[in-house]
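To start, the structure itself, in structure tokens.
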Amino acid sequence: MKKLVADLMVNYLERREVEYVFGLCGHTVIGFLDALSRSKSVKYISFRNEQIATIAADGYARVKKKAGVVLCHVEPGIMNTVTGVANAAADSIPMVVIAGDVPRYYYGKHPHQEINMHTDASQYEVLKPIVKRAWRVDDPEAMPEILDKAFRLAESGRPGPVLVSVPMDVFSEKIDEELFARTYLDSHKTIKPGLAPSAAQAIAKKLVEAKNPVIHAGGGVLAAGASKELQDLVEFLDIPVSRTLMGQGCLSDTHPLMLGQTGFWGLEFTHRFTANADVLLGLGTRFAEADSSSWYPGVTFDMSKTEFIQIDIDPAEIGRNYPVSIGAVADLKEALAQILEEVKKICPEGIKRPELREMIKKNREQFKESNRAIAEDGRFPMTPQRILKDVKETIPEDALIFTDVGWNKNGVAQQFDITVPGSIHHSSGFATMGFGASALLGGKLAAPDKVVLTLVGDGGFGINPSPLATAVEQGIPVIWIVMNNSAFGTIAGLEYSNYQTKFGTVFTTPDGEKYSPNWAEVAKGYGVDAIRIESADEFKPALEKALASKKPFLLDVPMENIAVPTPGCWNINDIYTPKANVVNGKVRKNEKGEYEAPNHSASHKN
């Protein structure tokens, strides 16, 4: 029996248990929208901009651990997806983008909105450098096989986005539904590899024999759902754990073996361990620039002192930035269980380091005490530390938080304790402005029973406030907390520390007065309940009201622009390092030929 390709595609999505398609309409996808309108289980979520749709799909995928599905129109629709798709690619988030294209019979004739600068009907090449694979479906009968390949590729190995570009006439072709028979037989999951037994044994031996071991955990631990396995291993051997930005929550920030974040916005205490480890096991991390202090030796990591071991699902990441004595490709949930099994054979009683736990405890207490005064300060505009304190005291422990770019990401990762795995979501690889304001919609759809909110700066929220409209149309009860400092605050601080100017980074009127839209009134214009905070003591009750409302809610919170402490280094064109011992891109050595410890006498000013 012959059926429309669009109907068969929707049927396929239903059988894959796809709940939502995130998108924006256009004439090239109306055939697919028609088919979606008849679906009993797949719901279409309409947005005002394709970038927002892709980021919402990204947020859904982060929480659901399965591919978010995006529908977009031919150019300029697919052009608007680029940033969101690239954000997903950088953070290893699975996504399937279905893009409408010009009809096949008009290829090369310059039909409305066709891209054919170098080849005919070449819109799929827009995303080609970004996605794991791009298909253009010129043969309707190839659709079943392509869909199976697309979802499998997006969700397997190192997850990421893929593109299926569909000429609009293909949606309306009729093909024999028997062609989709293969998709009923294909499994929907790919089993990921464990460690080779010899590798598990070798890694276990290294960890047991090390004097100063550290486990450095990245987002791959959370992607693999390996938090329990990580905790079991580190508790058996009392190994301290450092983490990346994406790794926040892989082990509770209050765990007695958690050192904290590394890198530019990390913790000085953490670096004392990571820069002096004799064995460091990297788990699901690329040892990226911000997490590794631009790879300056002796600041966050030091290859002259440390033997690196690395486990990742992507072989391309092994040894990318640090040489490894053991590099292994494996699923971390399987791998960590295997390593612990081998450790118990070598060291049945485990290892206890009570003095280490006590040291971590005292440092955590000292760090919190050092922030206490500013976190309890009643000044207005509010301090960012006070905002975080009030949020922490008000929301449930398992609430889902989506950050954006600036204090709400860097400060949260450094100072806001996350205790439930998977309850914090950052844009890391791309640090995309506007991520939090859109991604939380997908997060709430993935976890409707959770409180879901974003901490977002006014710069990030101002990128595109139209997620407010989708929240109202779809009845998605999320909370936007706009940390409003009338500036692109982080860049303002970086520019001022180098050039003593904030040109182009702060929001002012022509006469130099500080300027900010009244985001609460903007939100009300969209139909969203909103409050503009007028004093520090008003914030917490307002947040409680937002939580109780069970409706979309925005809080506009004027905030002082205080820089996040930066214990690490960041080489921006060799001009910006806040450490006095870093000169011309190199860390100085002392008379003994050792790299000097970071000098924190130089401060990052506003």
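Any read-out appearing in this document is the output of simple, stated calculations on the displayed coordinates, not a laboratory observation. Bear in mind that the values here come from a model prediction, so they are computed numbers and not experimental data. Ideal geometry is used to build each Cβ from the backbone, glycine not excepted, and the neighbour counts take in all protein chains shown.
A few points about this structure:
- Neighbour counts of C-beta atoms inside 10 Å place 72, 347 in the sequence 347, 72, starting with the fewest.
- Estimated FRET transfer efficiency (residue 346, residue 119; beta-carbon r; R0 60 Å; 0.05): 0.55
- Placing R0 at 41 angstrom, the Cβ-Cβ distance between residue 511 and residue 373 gives a FRET efficiency of 0.70 after rounding to 0.05.
- Kirkwood analysis of the Cα pair distances in the range 160-209 returns a hydrodynamic radius of 16.3 Å.
- Size of the range 109-209 from its Cα atoms: along the principal axes, largest to smallest, the extents are 68, 37, 13 Å.
- Arranged from fewest to most other beta-carbon atoms within 10 Å of their beta carbon, 38, 62, 136, 357 become 38, 357, 136, 62.
- Computed 3J(HN,Hα) for the range 155-172, one whole-Hz value per residue from the Karplus formula 6.51 cos²θ - 1.76 cosθ + 1.60 where θ = phi - 60°, is 9, 9, x, 7, x, x, x, 9, 10, 10, 8, 10, x, 4, 6, 5, 4, 9, glycine and proline marked x.
- Sequence ranges 432-441, 154-163, ranked by mean other-Cβ count within 10 angstrom, highest first: 432-441, 154-163
- The calculated P(r) of the chain, using every Cα pair and 10 Å bins from 0, goes 3, 16, 25, 25, 19, 9, 2, 0, 0 in percent.
- In terms of surrounding Cβ atoms within a 10 Å radius of their Cβ, 118, 425, 112 rank from fewest to most as 118, 112, 425.
- Couplings for the range 550-565, taken from phi via the Karplus curve 6.51 cos²θ - 1.76 cosθ + 1.60 with θ = phi - 60°, read 6, 9, x, 8, 10, 10, 9, 10, x, 9, 6, 7, 9, 5, 6, x Hz in order; Gly and Pro are left as x.
- Three semi-axes of the equivalent ellipsoid, the range 294-451, Cα gyration tensor, whole Å, largest first: 33, 23, 19
- Taking chymotrypsin sites (Phe, Trp or Tyr not before Pro) across the range 478-533, the ones in a DSSP loop with at most 14 further Cβ atoms lying within 10 angstrom of their Cβ are 503, 515.
- Label-point separation in nm, residue 142 to residue 320, each point 7 Å along Cα→Cβ: 3.0
- Length gained on full extension, residue 176 to residue 228: 14.0 nm, using 0.36 nm per residue less the C-alpha separation.
- Label-zone membership for the range 157-178, site residue 3, 7 angstrom Cα→C-beta point, backbone N under 19 Å: 170-178
- Global geometry of the range 83-161, whether rounded, prolate or oblate, following the gyration tensor of its Cα atoms and the 1.5 cut on a/c: oblate
- Positive-pole candidate from 311, 215, 359, dipole of the range 197-359, charges at beta carbon: 359
- In a simple Cβ point-charge model (Lys, Arg +1; Asp, Glu -1; nothing else charged), the chain has a dipole of about 700 debye relative to its Cα centre.
- Relative contact order (%) - the chain, alpha-carbon pairs under 8 angstrom, separation at least six: 13
- Antiparallel bridges, percent of DSSP beta bridges restricted to the chain (to nearest 5): 10
- Taking N as its residue count, the alpha carbon Rg of the range 45-204 over 2.2 N^0.38 Å: 1.16
- Debye log10 I(q)/I(0) for the range 376-558, one point scatterer per Cα, at q = 0.13, 0.15 Å⁻¹: -0.62, -0.84
- When you restrict to C-alpha pairs under 8 Å that are six or more residues apart and normalise by the size of the range 376-558, the relative contact order lands at 24 percent.
- Violating pairs (Cα-Cα greater than 26 angstrom) within the set 211/345; 64/192; 228/545; 192/392; 206/333; 228/352: 228/545; 192/392
- Estimated inter-spin distance, residue 491 and residue 278, nm [label 7 Å along Cα→Cβ]: 4.7
- Percent breakdown of C-alpha pair distances by 5 Å bin, ordered from the shortest bin, for the range 285-377: 2, 11, 12, 12, 16, 19, 14, 7, 4, 2, 0
- Fraction of C-alpha pairs exceeding 28 angstrom in the range 197-359: 9 percent, rounded to a whole number.
- In order through the range 208-213: 3J(HN,Hα) via Karplus (6.51 cos²θ - 1.76 cosθ + 1.60), integer Hz, x for Gly, Pro: 5, 7, 5, 8, 10, x
- The range 419-517 - Kirkwood radius from inverse mean 1/r over Cα pairs (Å): 15.2
- Whole-angstrom gap from the range 29-102 to the range 389-437, using each part's C-alpha centre: 23
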